[in-house]
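Below: the structure, in structure tokens.
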Amino acid sequence: MTAEAIELDSWLERLPLTLRDLLAGPIPGPWRWIVQDVIAIAVVLAVFPLLFAFLTLAERKVLGRIQNRPGPNRVGWGGILQPFADGIKMLTKEDIVPRAADPVLHFLAPVALVSFSLLSLAVIPYGRHLVPLDLDAGILYFFAASASSELAVFMAGWAGRNKYSLLAAMRALAQLISYELPLLLSLVPVVMLAGTLSPSGIVAAQAGWSAGFLPHWNILTPWGLAGFAIFMVAALAEANRSPFDLPEAESELIAGHLTEYSGFKYALFFMAEYFAMCALSGMAVTLFLGGWQAPVAILQFVPSYGWFAIKLLSLLLGFIWIRATLPRLRIDQLMRLAWKFLLPLALINLVTASFWHLSAGWGAAAQPLRWGLGLALVAVPFVVIGRRLSTGLGPRTYRYAAP
Amino acid sequence: MLGTGILKGLAVTAKNLAGSFHDPGRFVTTQYPEQRSVLPENYRNFPFLVAEDDKDPMGTLRCVACQICEKECPPQCIYIEKSRDKKPDAAGKMQLYPAVFDIDISVCMSCQICVEVCPFDAIKMDQEFEIATDNRFRPLLRDREQLARSNRYFQQVHPTEAAEVDARLAAARRAAEEKAAAKAPPPARQEVQTKPATERPDPPAGGIKTEA
Amino acid sequence: MNATLVLLGVFIVATAGTALSLQNIVRSVLLLVLSWFGIAAFYLWAGAEFAAFAQALVYGGAVSMVVLFAVLLTRRGHQDATVAPPPPGRLLAALLAGGAVAGIIAATVIRTPFASVSDEVPVLPVRRLGALLMGPHAAALLVTGALLTAALLGAVVIAAGAKDDKEGSP
């Protein structure tokens, strides 16, 4: 980003950079990059735990309102201080390590999980000038970090020396591995069409507006819509989030791989799950929703990090909405969904994206045909595979009970 | 088609979310303690002793220390000691009264058997439930002074039941007065002597019906 | 920069060596995974970003799972996780086989004429890597792809043939 281009942005847009330069100004030249990076790390470490805290509150209140009740509203005005009360509770709880447990693994599992989740937050472009780490292969780094966090799940299940938590950890691992494939396959078209693995490059590829009000976001294309849907379902499963929260539901093997954890370590697991959710939503915003771009040209006065925040919060609220609506999937239903439904659809999405890319040169008269073919390539496999997998699973008929 | 059920479900939850802000049917929580639920009339918690007059509760208790409730109470949470002397009751008759009447409400299970067997409508069920304490011994042992409530209070918490009890007791009192008035003047003629037999008042009802 | 290389080398060899010597097999697997992450760090130091992240993703995220599942599914419980110390015959055979492999790799490395490297680290952009893979090295990519597809199909066939209850039963 050239200096002149930075000057053209509004002062609101440049505000984070101004603050950072204020803090790093006194440091002499060769060491300034260290201080700037430390400031970036500190900001991420400050913002995301706060986001986690208020996200738990928002989740409880939204879930409550959907269930015709107010949610927590006693601590502070309308319950706003509830997360801090929960934090104090978690900190003061007794930390129980079973006597037969492996103490090193038992301690390292939550640490590793949180570290990998935090590492994955480093490459997401939060704003026009706000990427903590601008890597050429940033997407690959992101998924390497989240794949490595599966190890911590296994360590947690193994360390407790509890055969039930080990069994649940293996089920959780099976779920995580199965949904890696649709997750990664659904973003291959994005990388293909943007021509780069760098998140800022992908955001830049979605710049511009047709006729001033139609953004070029990937979600507004047939393959992008399908890819976004597959990515969101797989992200729900990767973050162990309802309806895929089999690993941590209370009715499933106590608490799954978290059974032997209490107090602050349990809070760390919880926090790592929310970080993963935020990171995957951030990546979905980057890949499909145009990152920090404004949806209409005239709304560009809102700074880029503002748009990113709005989109991120909408996705997170969508997660909460889905949690409130859908019942939990069983492990075999979960695996079937990943391998027999999402994987074929993701593979067919590659074909759709290739068609879309190759037909980019079609004229204005052929656009309806292009869109029709694209949407048909998305909708027909969905309906066909969906129907084939749903045979025999229709509404139940009861022989003796009255309808 | 696959997915339509999910979309319908999402629409239902969204309607619930939006409705919870303006539709009382979609927000059914009573925000205790700022708001209180209206208790149904036949809600019961622990017993209380009925006193006719709220200015002198100890002197006007209906209880005559017959100890039927003590014997019938399943967890045996009532402890009664009879008095040595007698006092006139509301009808003027000399009755014993309870010198000690303790109920251990940590034992009481609110079964209402004491109310059902009392021949004198002296013990009724109260509706108070905000009685949490931090000491599980003395504050949960209610003595006679703590148990006594006036009949006016009984009429407030159980109107239907109190009306029925008051009517019955008033009728019994009236019958007793008519019987006393019929006995008082000497019989004028010989055939009047058969009158007391037919005008014998009904005995007070043995069981109390508490349907409300 | 040589100090970094020495440190990385020591880390990788030390974790792998400790992994070999531990009795608890799960702990040695986890130390081996740590050594793989060390190799990824080495790739980063050498400027091969893509290889480093691919190493972390594939080895740390997937191969480690395979190894752990293999360990867990072939042992009956936590008490079987410890390995008995090997008999001396096996130790000799391991030294011979390992020595042979190490000798072949070392000979190949020493005999290969490497171009002299300048002080700055050459960074290969991913785009160029993709062009190279699809162009001059396309044959290798296709062969690898065919191998992986065959392995995947074989795994599906084995897994599907193992049980014969009808699919879709609740």
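The values are calculated or read from the model by the stated rules, or taken from the named source; none is laboratory data. Keep in mind that this is a model prediction, so the values were computed, not measured. Heads up, the Cβs are rebuilt from the backbone with ideal geometry, glycines too, and the neighbour counts pull from every protein chain shown.
Counted as qualifying within the range A:319-403 are the helices (runs of 4 or more DSSP H) with 3 or more residues that are among the aliphatic types (A, V, I, L, M), within 14 Å of chain B (Cβ to nearest Cβ) and in contact with a helix residue (DSSP H, G or I) (Cβ under 8 Å, 6 or more places away or on another chain), namely A:367-389. Set side by side, the residues A:176, A:197 differ, and just one is surrounded by 22 or more Cβ atoms within 10 Å (Cβ to Cβ) and in contact with a Lys or Arg (Cβ under 9 Å, 6 or more places away or on another chain), which is A:197. Among the numbered conditions (1) within 30 Å of residue A:326 (Cβ to Cβ); (2) small (Gly, Ala, Ser); (3) at pLDDT 90 or above, the only one that residue B:51 does not meet is (1).
Evaluation of residue A:228 against the conditions (1) within 14 Å of chain C (Cβ to nearest Cβ); (2) in contact (Cβ under 8 Å) with a residue 40 or more places away in the chain shows that the sole unmet condition is (1). Kindly indicate whether residue A:177 is under 16 Å from residue A:282 (Cα atoms), in contact (Cβ under 8 Å) with a residue 24 or more places away in the chain, outside any loop (DSSP other than H, G, I, E, B) and not aromatic (Phe, Trp, Tyr). In short, no.
Select, from A:308, A:355, A:275, the only residue that is surrounded by fewer than 23 Cβ atoms within 10 Å (Cβ to Cβ) and not small (Gly, Ala, Ser). It would help to see each step written out before you state the result.
Values: A:308 fails: surrounded by fewer than 23 Cβ atoms within 10 Å (Cβ to Cβ); A:275 fails: surrounded by fewer than 23 Cβ atoms within 10 Å (Cβ to Cβ).
Answer to the selection: A:355.
Within the range A:31-76, the residues that satisfy the criterion of being of a type in the set (D, E, K, R) and either away from chain B (no Cβ under 14 Å) or touching a residue at least 60 places away in the same chain (Cβ under 8 Å) (or both) are A:32, A:37, A:59. Among the conditions (1) on the phi < 0 side of the Ramachandran plot; (2) modelled with pLDDT of 85 or more; (3) crowded, with 19+ Cβ neighbours inside 10 Å, the only one that residue A:260 does not satisfy is (2).
Among residues of the range B:1-23 that are at negative phi, those with a beta-carbon under 6 Å from a residue that is of a type in the set (A, V, I, L, M) and modelled with pLDDT of 90 or more at least six positions away or on a different chain give the pairs B:13/A:66; B:13/A:324; B:16/A:66; B:17/A:66. Please name all residue pairs, on different chains or six or more residues apart, with Cβ atoms under 7 Å, provided the first residue is in the range C:57-68 and is facing chain A (nearest Cβ under 7 Å) and among the small types (Gly, Ala, Ser) and the second residue is exposed (fewer than 15 other Cβ atoms within 10 Å of the Cβ) and assigned to a helix (DSSP H, G or I). Partner pairs satisfying both residue conditions: none exist.
Would you tally the residues in the range A:294-315 being in a loop (DSSP other than H, G, I, E, B) and in contact with a helix residue (DSSP H, G or I) (Cβ under 7 Å, 6 or more places away or on another chain)? Qualifying residue count, the range A:294-315: 2. Out of curiosity, is residue B:98 surrounded by 13 or more Cβ atoms within 10 Å (Cβ to Cβ) and in contact (Cβ under 8 Å) with a residue 24 or more places away in the chain? So residue B:98 passes the test.
Looking at the range A:137-192, which of its residues are in contact with a strand residue (DSSP E or B) (Cβ under 9 Å, 6 or more places away or on another chain) and aliphatic (A, V, I, L, M)?
A:168
Of all residues in the range A:77-98, one or more are buried (at least 17 other Cβ atoms within 10 Å of the Cβ), within 14 Å of chain B (Cβ to nearest Cβ) and closer than 30 Å to residue B:27 by Cβ. The set of residues in the range C:1-36 being in contact (Cβ under 8 Å) with a residue 40 or more places away in the chain, more than 13 Å from every other protein chain (Cβ to nearest Cβ) and of a type in the set (S, T, N, Q) consists of C:4 alone. Among the residues of the range A:196-207, not a single one is touching a helix residue (DSSP H, G or I) at 6+ places or on another chain (Cβ under 9 Å), at the interface with chain C (Cβ under 8 Å from one of its Cβ atoms) and part of a helix (DSSP H, G or I). Residues that are part of a helix (DSSP H, G or I) and more than 9 Å from chain C (Cβ to nearest Cβ) were ranked within the range A:160-170; the one that is surrounded by the fewest Cβ atoms within 10 Å (Cβ to Cβ) is A:167.
Tally time: how many residues in the range A:124-145 are in contact with a Leu (Cβ under 7 Å, 6 or more places away or on another chain) and either over 22 Å from residue A:17 (Cα atoms) or within 10 Å of another protein chain (Cβ to nearest Cβ) (or both)? Steps first, please.
Pass one, the range A:124-145, residues in contact with a Leu (Cβ under 7 Å, 6 or more places away or on another chain): A:129, A:136-141, A:143-145.
Still in the list and also either over 22 Å from residue A:17 (Cα atoms) or within 10 Å of another protein chain (Cβ to nearest Cβ) (or both): A:136-141, A:143-145.
Residues flagged as in contact with a Leu (Cβ under 7 Å, 6 or more places away or on another chain) and either over 22 Å from residue A:17 (Cα atoms) or within 10 Å of another protein chain (Cβ to nearest Cβ) (or both) within the range A:124-145 amount to 9.
Of all residues in the range A:146-158, those satisfying the criterion of being at the interface with chain C (Cβ under 9 Å from one of its Cβ atoms) and either over 14 Å from residue A:240 (Cβ atoms) or of a type outside the set (Gly, Ala, Ser) (or both) are A:147, A:148, A:150, A:151, A:154, A:155, A:158. Here residue A:182 clears all of (1) part of a helix (DSSP H, G or I); (2) within 14 Å of chain C (Cβ to nearest Cβ) except the condition numbered (2). Taking the criterion of being surrounded by 11 or more Cβ atoms within 10 Å (Cβ to Cβ), assigned to a loop (DSSP other than H, G, I, E, B) and more than 9 Å from every other protein chain (Cβ to nearest Cβ), the residues of the range B:15-41 that qualify are B:23, B:39, B:41.
Please determine, by comparing only the residues of the range A:99-136 that are of a type in the set (D, E, K, R) and free of Cβ contacts under 8 Å to residues at least 60 places away in the same chain, which one is surrounded by the fewest Cβ atoms within 10 Å (Cβ to Cβ). Step by step, filter the range A:99-136, then rank; the result is A:99.
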